[in-house]
Amino acid sequence: ILNVEQSPQSLHVQEGDSTNFTCSFPSSNFYALHWYRWETAKSPKALFVMTLNGDEKKKGRISATLNTKEGYSYLYIKGSQPEDSATYLCAGYSDNNAGNMLTFGGGTRLMVKP
Amino acid sequence: EAGVAQSPRYKIIEKRQSVAFWCNPISGHATLYWYQQILGQGPKLLIQFQNNGVVDDSQLPKDRFSAERLKGVDSTLKIQPAKLEDSAVYLCASSLFGDYYTEAFFGQGTRLTVV
C-alpha cells in the first residue's frame, strides 16, 4: 500500500486568493495519481487522473502538475471562490500481486471566505 | 447515468450491536471499493472487489468486519460487533475497470455513529 501524504491539512483563504496544495507519494511503484474534490454532504468527485511525469491538467480555475521522479503533485486554484470550499483528496495507484489499489492521502480542507 | 447508491445515509447504534451497509455500484463497473473515513483523516481502503473476487482486504478487521459482493454487482459491508472506534463515514466507490487511469465514482456514504 502506498504512503500518500498531503499538506497542509487545512487552509483558510480569502475570496480571490490563489492557493496550492501538495501531495507526496513514493516515486517507486507508481502508476497514477488521482485528485478528488469532496464537498460537504456530497460524494467525492474526480478532478484529474495523472500518469506521466510532467503532466499538467487544467479544469477552469483548477490545475495540477505531476512529478513522478521526485514523488509529488501540486494542485493550484486560481482566484478562489467560496464554492471552492471542500476537502481535496489525492490518491495514488500502486500494484499488489492481485491488482491495482487506490490509496488516499489525508486530504486538504480548504475554506474560502467571502 | 445513475451514480453509486448507498444506504442507509445515517445509522446510530450502540456498541456491540451489528450493522450492515449496502452499495449498488454503477452498472457495468467491475471494481468496487469500500473505504472507511474517520473524521480528520483520509479514506482508508477496507476491501476492493474485482467482479465478485477480492483484490485486497489487508486493512479489513476480519474479526468484526465482513463484506461480500453478490454476483459481482451489489455489495454489503457488515460490522459485528461494533466498537466505538468504528464511528466513521463508510464510502462505497466503483470504477469501470479498476485500472490506474480509471477514475472512481463514489456514493454519498453512510455516516455511522457508535454510542
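Do you know which residues across the range B:94-115 are closer than 26 Å to A:Met50 by Cα and not in a loop (DSSP other than H, G, I, E, B)? Passing the criteria: B:Ser94, B:Ser95, B:Phe105, B:Phe106. Of all the listed residues (B:Leu91, B:Leu32, B:Leu60, B:Leu46), the sole one being in contact (Cβ under 8 Å) with a residue 12 or more places away in the chain, surrounded by 15 or more Cβ atoms within 10 Å (Cβ to Cβ) and not in a strand (DSSP E or B) is B:Leu60.
With respect to the conditions (1) outside any strand (DSSP E or B); (2) more than 14 Å from every other protein chain (Cβ to nearest Cβ), A:Val13 falls short on a single one, namely (1).
Touching a Lys or Arg at 6+ places or on another chain (Cβ under 8 Å), within 14 Å of chain A (Cβ to nearest Cβ) and over 26 Å from A:Val4 (Cβ atoms): which single residue out of B:Arg9, B:Arg111 fits that description?
Working: B:Arg111 fails: over 26 Å from A:Val4 (Cβ atoms).
Testing whether each residue is touching a Lys or Arg at 6+ places or on another chain (Cβ under 8 Å), within 14 Å of chain A (Cβ to nearest Cβ) and over 26 Å from A:Val4 (Cβ atoms) leaves just B:Arg9.
Annotation note: Cβ proximity below 6 Å between a residue of the range A:1-25 that is aromatic (Phe, Trp, Tyr) and a residue that is surrounded by 15 or more Cβ atoms within 10 Å (Cβ to Cβ) and not in a strand (DSSP E or B) (sequence gap 6+ or interchain) occurs for A:Phe25/A:Leu2; A:Phe25/A:Val4; A:Phe25/A:Gly71. Here B:Ala88 meets each of (1) under 30 Å from A:Pro8 (Cβ atoms); (2) modelled with pLDDT under 95 with one exception, condition (2). Can you tell me how many residues within the range B:50-78 are more than 10 Å from every other protein chain (Cβ to nearest Cβ), among the hydrophobic types (A, V, I, L, M, F, W, C) and more than 17 Å from B:Ser18 (Cβ to Cβ)? So the answer is 2. Between B:Glu68, B:Glu85, the distinction of being out of contact with any Cys (no Cβ under 6 Å at 6 or more places or on another chain) and part of a helix (DSSP H, G or I) belongs to B:Glu85 only.
Every residue in the range A:70-92 that is touching a residue at least 60 places away in the same chain (Cβ under 8 Å), buried (at least 18 other Cβ atoms within 10 Å of the Cβ) and more than 14 Å from chain B (Cβ to nearest Cβ), please.
Taking the range A:70-92 as the starting set, the residues that turn out to be touching a residue at least 60 places away in the same chain (Cβ under 8 Å) are A:78-82, A:88-92.
Those still in the list that are buried (at least 18 other Cβ atoms within 10 Å of the Cβ) too: A:80, A:88-92.
Across the range A:70-92, the qualifying residue is only A:Ser80.
Against the conditions (1) out of contact with any Leu (no Cβ under 7 Å at 6 or more places or on another chain); (2) surrounded by 15 or more Cβ atoms within 10 Å (Cβ to Cβ); (3) polar (S, T, N, Q); (4) within 14 Å of chain A (Cβ to nearest Cβ), B:Gln41 satisfies every one except (2). Looking only at residues in the range A:20-69 that are buried (at least 20 other Cβ atoms within 10 Å of the Cβ) and among the hydroxyl-bearing types (Ser, Thr, Tyr), the one that is farthest from the other protein chains (Cβ to nearest Cβ) is A:Thr68.
The values are calculated or read from the model by the stated rules, or taken from the named source; none is laboratory data. Source: prediction; values computed, not measured. When we count neighbours, we look across all protein chains shown, and the Cβ atoms used for this are built from the backbone with ideal geometry, even at glycine.
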